[in-house]
Each structure stands twice: as C-alpha cells, then as structure tokens.
Amino acid sequence: MTLFKKLASALIVITFMLPASAAEKLNVIASFSILGDFAQKVGGDRIELRTIVGPDSDAHVYEPKPADAIAVAKADVVLVNGLLFEGFLQRLIEASGTSAAVVEVSKGAEILNDPAGGHYHYNGGKAVFHEAPLDPHAWQSVANAKVYVKNIQEAFCKADAEGCPAYQANAKSYDAELDALDKEIRETVASIPQDRRVFVVAHNAFRYFEHDYGVTFLAPQGVSTDSEASAADVAGVVREIAGQRATAVFAENISNSRLVEQIASEAGLKLGGSLYSDALSKPDGKAATYIDMMRSNLATIRDAAGS
C-alpha cells in the first residue's frame, strides 16, 4: 500500500467517527473549478461543495492529496469531466473507497476528436499514452456547458429527490443565462474581421470555441499539458503563424507564459493577454465564474483583434 493510500485510509476512519451535522446538505465533489461553478449554480444552498483542482490550477497534471481522498470518501455525488481530462481520477477514486455516484458530466455533449489521435497523462509519476481520440475541453462550447448543467441537475435530483424542484428551477434559470452568453459571443465574434480571427495559445484547449464560433487557434501542445512542446512543435507553429497570418499570441492562466513569449518573439507578434482555459480565476479575479471566464476570454480576443 502506498503512503498516499495509508494516509487516506487512516484519515477516512477518523472522519467517519465525527458527528454528522443536524441539517445535512448534499455533499458534492467537483473535480475542477469550472465544474464547481456549474454545481454551485444548480445546487445553490442545498449542497456542500468541495472542488479538488482549484482556481488557476492545471487538472492535467494535478497530484491528489490524502485530504482529497477523505473528501471523496464522504461525498454523495462526485462530478467529473471524463474524456481522460483528470489523469489523477481513477487512483483517487480507488484510494477513497467511495460509494458515491461518479458522474461524467460531459456525457451527451458534442465531443471533438483529438487531432493528434491521443494524448499523454501522468499516472503515478509515469507518462501513459491514451489512444482515445477525444478532446476533453468540451466546456469551451456554451452549448456543451448546457449539457453539463443538465447532467448535474439530473445527478442532484437522483441523489436528493426532495430538492429536485429547486435544482430544476436553478438549472432553468442558469440555462437562460447561458443562452444569452452564447448570443453575446456570436455577435462579438461576428464583429471581428475574418482575417483577424487566427490566434496562438499554448495548448489545444480552445477547439470547441473554435468549432462553435468561427475563430482559429494554433498551439504547439496537444489537448493535454502533460508533455512539453518540442523545438519542432514550436517551429511548426511559427510556420503556421506565417501561413495563416495570426493576429496575436495568448498566455493561459494555468501555465507559465514562457513558451508563448518565445513564440511571439520568433513570430514577431504581440502578446494579447491571457485566456482562461482549464480553470477559473480566484474569486477576486475577472473569471471567478464560468460566464465571467467566457466573457473575459471574449473581451481579450476582441481587443487583441483590434475590433
């Protein structure tokens, strides 16, 4: 048994000996911050929420802690993206021994293929290649975000039938906000000239945004940040920038900006700011919620395009 499992097991035993709250809420775990926001919008004050991978953090390379296993063990519902996004997930679930429903909220969303045919993630410190040709960043499409919300609402209703009307009402209200967001994105992108809609990011996290809204993102890394971009990858993107006349290079909130600064320098492009890809900002930041995140990204893209 690994040290992680030993610590988790010991702490789980201690936790279960503590007295339960008199008015218990639905105990919900979200694997990363964007799912956490969806869960809070649907659950409102009927849930107790814990998010494993927090703001400005990269779920691709996250290493779980014993405290995470304790939280998962106590959960009623565990919300995950799936599509191999959370490389740590399987061993965390096993270490926790949880009996909670583990819900893949991307089920039923329109899923794009990974153009590289697969990607690496780290499991126990070892790089493991997955051939499944799927891109996990489905939330970058607002239409898919609505599917996530529907799946969360259904999971909460199944776990807490008494609270179902509240979950349904919250989901319906949030759905209307997402419809307005989708309309806003489409109108703003339509105002950007076609020849100003090619941009560069560090990793391929924005292909759903690209697919839905008519912009193009070039990236030296694939759909995961597990492996670093090679010199050949960087050179290839610089060639694409010249061929497609890219407008700007963006950093991402989950990663160091060194790589994109190098690309911008070699391509003679400006840094257009930072986009939020796989995580929200901290609560006092400009992308503290999913809707804020999408609006922040939209504004950054619009400003970089000079529209």
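Laid out as a table, the results:
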read-out	value
Residues (open to solvent by 30 Å² or more (accessible area, probe 1.4 Å) and among the hydroxyl-bearing types (Ser, Thr, Tyr)) located in segment 189-237	Ser191, Thr216, Ser227, Ser230
Residue, least open to solvent (accessible area, probe 1.4 Å), within segment 259-307, restricted to residues that are without any contact (Cβ under 8 Å) to a residue 12 or more places away in the chain, farther than 24 Å from Arg186 by Cβ and not in a helix (DSSP H, G or I)	Gly268
Filter result for Ser255 (among the small types (Gly, Ala, Ser) and either open to solvent by 50 Å² or more (accessible area, probe 1.4 Å) or over 23 Å from the mean Cα position of the chain (by Cα) (or both))	no
Entirely in segment 35-125, the strands (runs of 3 or more DSSP E) that have 3 or more residues that are modelled with pLDDT of 95 or more and buried (at least 22 other Cβ atoms within 10 Å of the Cβ)	47-53, 77-80
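One line per residue, one yes/no per condition, for (1) surrounded by fewer than 17 Cβ atoms within 10 Å (Cβ to Cβ); (2) touching a helix residue (DSSP H, G or I) at 6+ places or on another chain (Cβ under 7 Å); (3) assigned to a helix (DSSP H, G or I):
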position	(1), (2), (3)
Ala155	no, no, yes
Tyr167	no, yes, yes
Ala171	no, yes, yes
Ala176	yes, no, yes
Asp179	yes, no, yes
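The values are calculated or read from the model by the stated rules, or taken from the named source; none is laboratory data. These figures come from a predicted structure and were not determined experimentally. Every residue, glycine as well, gets a Cβ built from its backbone with ideal geometry; the counts of neighbours run over all protein chains shown. Please note that ligands, DNA and RNA were not included when accessible areas were found on the heavy atoms of the full protein model with its side chains. Shrake-Rupley method; radii C 1.70, N 1.55, O 1.52, S 1.80 Å.
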